[in-house]
Amino acid sequence: MAQHLDLGRKGESIAKTLLENSGYEILDENWTHGKAEVDLIAYKDKVIIFVEVKTRTGNGYGEPEDFVDDRKQKLLVNAADEYIYLMNHQGDVRFDIISILFDKQANYKIKHIEDAFWPHAT
């Protein structure tokens, strides 16, 4: 497997553990719809949370969360719309980003950004 995919999977595993330890129930992992993949779908306090995990080994080009651009947000929102429809969810929805930044010694900083963005009108 490519090194960047290994890093991404490691980041998703760390993010999943963080969420579970914070009382979230993980509903789905790597859920796909069309061209979109939602890394984690969680549930807490009657809210479905769609989580994008961004893992990087450096921030020379920006923080990991900076890579969730408008295009990626629209893909996530479209996938979320389908998931909500399939699950017949009537409650609130939230979009979070979990940013993980590794250093050269394999230590990492993790940042959970709740309500990271609002769905854009399409």
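Values in this text are rule-based calculations from the coordinates and carry no lab data. On a predicted model such as this, the values are computed, not experimentally measured, just so you know. Glycine gets a Cβ as well: all are built from the backbone with ideal geometry, and neighbour counts include every protein chain shown.
Things worth noting here:
- Beta bridge orientation in the chain: antiparallel %, DSSP, nearest 5: 65 percent
- Calculated SAXS-style log₁₀ I(q)/I(0) at q = 0.18 Å⁻¹ - the range 75-122, Debye, Cα scatterers: -0.68
- Label-point separation, residue 29 to residue 10 (7 Å along Cα→Cβ), nm: 1.6 nm
- Pairs of Lys in the chain closer than 17 Å at Cα, counting only those 8 or more apart or on different chains: 14
- About the centre of its Cα atoms, the range 3-113 shows a dipole size close to 280 debye [charges on the beta carbon of Lys, Arg (+1) and Asp, Glu (-1) only; nearest 20 debye].
- Qualifying trypsin sites (Lys or Arg not before Pro) in the range 11-79, DSSP loop, other Cβ atoms within 10 Å at most 15: 35, 46
- In sequence order, calculated HN-Hα J values of the range 69-84 (Karplus, 6.51, -1.76, 1.60; Hz; x Gly/Pro): 7, 4, 4, 5, 4, 5, 4, 5, 5, 4, 5, 4, 4, 5, 4, 4
- Among 88, 51, 17 - extreme Cα towards positive end, dipole of the range 3-113, charges at beta-carbon: 17
- FRET efficiency estimate (nearest 0.05) - Cβ-Cβ, residue 105 to residue 44, R0 41 angstrom: 0.80
- Cα long-axis angle, helix 3-21 against the chain (0 to 90 degrees, to the nearest 10): 60 degrees
- Dimensions of the range 3-113 based on its C-alpha atoms, expressed as ranges along the principal axes with the largest first, amount to 44, 30, 21 Å.
- Note on the chain: GNM, Cα springs under 10 Å; of 108, 61, 85, the largest mean-square fluctuation is that of 61.
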